[in-house]
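Taking it in order: structure first as structure tokens, then the write-up.
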There are 2 protein chains.
Amino acid sequence: MIDLKSFQKEWLPKINQQLENDLSMASPDADLVAMMKYAVLNGGKRLRPLLTLAVVTSFGESITPSILKVATAIEWVHSYSLVHDDLPAMDNDMFRRGKPSVHALYGEANAILVGDALLTGAFGVIATANSSCSVEDCLPTEELLLITQNLAREAGGSGMVLGQLHDMDNHTEEQNASTNWLLNDVYSMKTAALIRYTTTLGAILTHQNVNVEDNHFDPKKAMYDFGEKFGLAFQIQDDLDDYQQDQLEDVNSLPHIVGVKEAQSVLDQYLFSTQEILANTVEQDQQFDRRLLDDFVSLIGDKK
Amino acid sequence: MIDLKSFQKEWLPKINQQLENDLSMASPDADLVAMMKYAVLNGGKRLRPLLTLAVVTSFGESITPSILKVATAIEWVHSYSLVHDDLPAMDNDMFRRGKPSVHALYGEANAILVGDALLTGAFGVIATANSSCSVEDCLPTEELLLITQNLAREAGGSGMVLGQLHDMDNHTEEQNASTNWLLNDVYSMKTAALIRYTTTLGAILTHQNVNVEDNHFDPKKAMYDFGEKFGLAFQIQDDLDDYQQDQLEDVNSLPHIVGVKEAQSVLDQYLFSTQEILANTVEQDQQFDRRLLDDFVSLIGDKK
């Protein structure tokens, strides 16, 4: 099994090229395309599509052009969410990754519309994932519909948008945030929803039919759970990294509620859960090679 | 063939019930559901889903539960677009249909998120259109993917969002709007895109396979053209109705550029085009009954 560094080196440029190609076709209007590219092609680490491709690889499947394309749709969604989150009425951030945020550069109206165009376009990317496939590697249309359903749920009012709505209430002057509320109603929605979408997506793309009623092992369920725990750990690590900044901005993150030491302990529990899930997956599926996903988990552990 | 009044009487309550049901499931959060319902269930005329159902009926097909559900997705998109258009950074409208707009009632951040949740949810409605179908009336998954592609194109950066982007520049102080630009780059995108989507959708839902290379009549193309002309006529009628209001707000509508009389003449040309398209469709398809769509066209003519 390839290690994460080599995997990233191979797939990061291909992900970025796919995004560049699809964004170029997102509108006949050059100005809108330029704004959309500014929002997406800004040096992101592409954690989410890489996770999808890593899950596909872990199950021993190869990455076809359709799989690559469908995996990149999440970056359109992630990017739109950052553009809208940065708006004055939301987090009011003038900078994103050291550069002016979209509304700071292009104005508020354009930023709203760029976000809307990216969100809409994400679903177009999935629906056209088979646009250049050869017969043997086209994705089944049922799978593309299931993926669309999952994205609508995890990105929308039952997932990321709801998490963001809750997060808007979460400032220290309100003082009513409980650990459970923060983990289940904010972090699980705002951050983990898109990540569990990407890991579930990887399992869907390996075309494993499972009769769940027979109590067989379900790779989709396993990868959903892995993504959920990974996403929660990822958010808490982010909290720990941003501890002082959040304090300045009156943001109520987990370390502010339970203390840094206890937050670190919750993070460790989630990391431990990811290990349990991977161990169980190996037990149930002899073809499954966990090493690449272990490397992803280490990315969080290494930052400690 | 049923007349439009009876058709509306039969289908408007069913459309509203479908919207109500799906919106109730859009989020586990009651506050978010309430805001989404406020944005959608506000007494709209449901012109767009009615057009889809009318096209299906005109081609002699019956309206199944899956068709009804898929037809209502456009109201999620139309409603989100109104919520975002009303935002302070966009048109800054405090009222919508005589009631406070979403941002006026719930605040700007909530309005941005409600719009995002509705847009995301629209694609979920299409992807789950078969959720309660019986085998004989489930829609083919290929059709649902094609519909998703069409919606992404007509609602996003190649359609409605682009039209709105252009419309933001269209105020009289700039004085550079030409008739062609206004019709092709604003009206065709901002208004006609969603309407031609709905009429094309009706044709798709009648499952007519056409080999376009044989130069056969293509019902999807005919209904696309019908929707385009109908949409443009609809927008110009709206301009004529809002002539004085637009003048107060420095909006550059067609009547302000070419005069009321000439705008009326352009409107009449579009109405005439819709008649030509319907006549040709009847000629090509003996099963096609144009009367219901004629009634829709008369809705515009009658307002003169």
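The values are calculated or read from the model by the stated rules, or taken from the named source; none is laboratory data. No experiment lies behind these values; they were computed from the predicted model shown. Positions of Cβ are generated from backbone atoms using ideal geometry, with glycine treated the same way; all protein chains shown enter the neighbour counts.
Some values worked out for this structure:
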quantity: The stretch B:11-42: number of residues that are free of Cβ contacts under 8 Å to residues at least 24 places away in the same chain, crowded, with 17+ Cβ neighbours inside 10 Å and part of a loop (DSSP other than H, G, I, E, B); calculated: 1
quantity: Selection count, the stretch B:261-288, where residues are touching a Gly at 6+ places or on another chain (Cβ under 7 Å) and surrounded by 18 or more Cβ atoms within 10 Å (Cβ to Cβ); calculated: 1
quantity: Residue identified as within 20 Å of the chain's Cα centre (by Cα) and either more than 8 Å from every other protein chain (Cβ to nearest Cβ) or buried (at least 17 other Cβ atoms within 10 Å of the Cβ) (or both) among A:Ala111, A:Ala73; calculated: A:Ala73
quantity: Answer residue from the stretch A:237-261, given it is touching a Pro at 6+ places or on another chain (Cβ under 8 Å) and more than 21 Å from A:Met90 (Cβ to Cβ) and is modelled with the lowest pLDDT among those; calculated: A:Tyr243
quantity: Candidates A:Glu136, A:Glu143, A:Glu154, filtered to the one that is among the charged types (D, E, K, R), part of a helix (DSSP H, G or I), over 22 Å from A:Thr191 (Cα atoms) and in contact (Cβ under 8 Å) with a residue 40 or more places away in the chain; calculated: A:Glu143
quantity: Some residue of the stretch A:43-57 being surrounded by fewer than 17 Cβ atoms within 10 Å (Cβ to Cβ), over 19 Å from the mean Cα position of the chain (by Cα) and either at pLDDT 95 or above or more than 24 Å from A:Phe123 (Cβ to Cβ) (or both); calculated: no
quantity: Hits in the stretch B:114-125 (condition: within 19 Å of A:Asn92 (Cβ to Cβ) and either at the interface with chain A (Cβ under 7 Å from one of its Cβ atoms) or not in a helix (DSSP H, G or I) (or both)); calculated: B:Asp116
quantity: Total residues in the stretch A:126-140, condition within 18 Å of A:Asn150 (Cβ to Cβ) and either within 8 Å of another protein chain (Cβ to nearest Cβ) or of a type outside the set (A, V, I, L, M, F, W, C) (or both); calculated: 5
quantity: When residues of the stretch A:95-107 are limited to those that are assigned to a loop (DSSP other than H, G, I, E, B) and modelled with pLDDT of 95 or more, the one nearest to the other protein chains (Cβ to nearest Cβ); calculated: A:Gly107
quantity: Any chance B:Ile67 is more than 9 Å from chain A (Cβ to nearest Cβ), touching a residue at least 60 places away in the same chain (Cβ under 8 Å) and touching a Pro at 6+ places or on another chain (Cβ under 8 Å); calculated: no
quantity: Count of the stretch A:265-279 residues which are of a type in the set (Ser, Thr, Tyr) and out of contact with any helix residue (DSSP H, G or I) (no Cβ under 8 Å at 6 or more places or on another chain); calculated: 1
quantity: Given (1) modelled with pLDDT under 95; (2) small (Gly, Ala, Ser); (3) closer than 21 Å to A:Met35 by Cα, index of the condition B:Ala177 fails; calculated: (3)
quantity: A:Lys99 being over 30 Å from B:Met189 (Cα atoms), outside the structural domain of A:Leu165 (by TED's automatic domain parsing) and basic (Lys, Arg); calculated: yes
quantity: Single residue of the stretch B:114-145 satisfying the filter (touching a helix residue (DSSP H, G or I) at 6+ places or on another chain (Cβ under 8 Å), over 19 Å from B:Asn21 (Cα atoms) and aliphatic (A, V, I, L, M)) that is surrounded by the most Cβ atoms within 10 Å (Cβ to Cβ); calculated: B:Leu144
quantity: Residue check, A:Gln8 touching a helix residue (DSSP H, G or I) at 6+ places or on another chain (Cβ under 7 Å), under 27 Å from A:Asp242 (Cβ atoms) and outside any loop (DSSP other than H, G, I, E, B); calculated: yes
quantity: Output for the stretch B:56-88, where each listed residue is part of a helix (DSSP H, G or I) and among the aromatic types (Phe, Trp, Tyr); calculated: B:Trp76, B:Tyr80
quantity: B:Thr148 being within 12 Å of chain A (Cβ to nearest Cβ), without any contact (Cβ under 8 Å) to a residue 12 or more places away in the chain, crowded, with 21+ Cβ neighbours inside 10 Å and under 25 Å from B:Met36 (Cβ atoms); calculated: no
quantity: B:Asp91 among the charged types (D, E, K, R) and either in a loop (DSSP other than H, G, I, E, B) or more than 14 Å from chain A (Cβ to nearest Cβ) (or both); calculated: yes
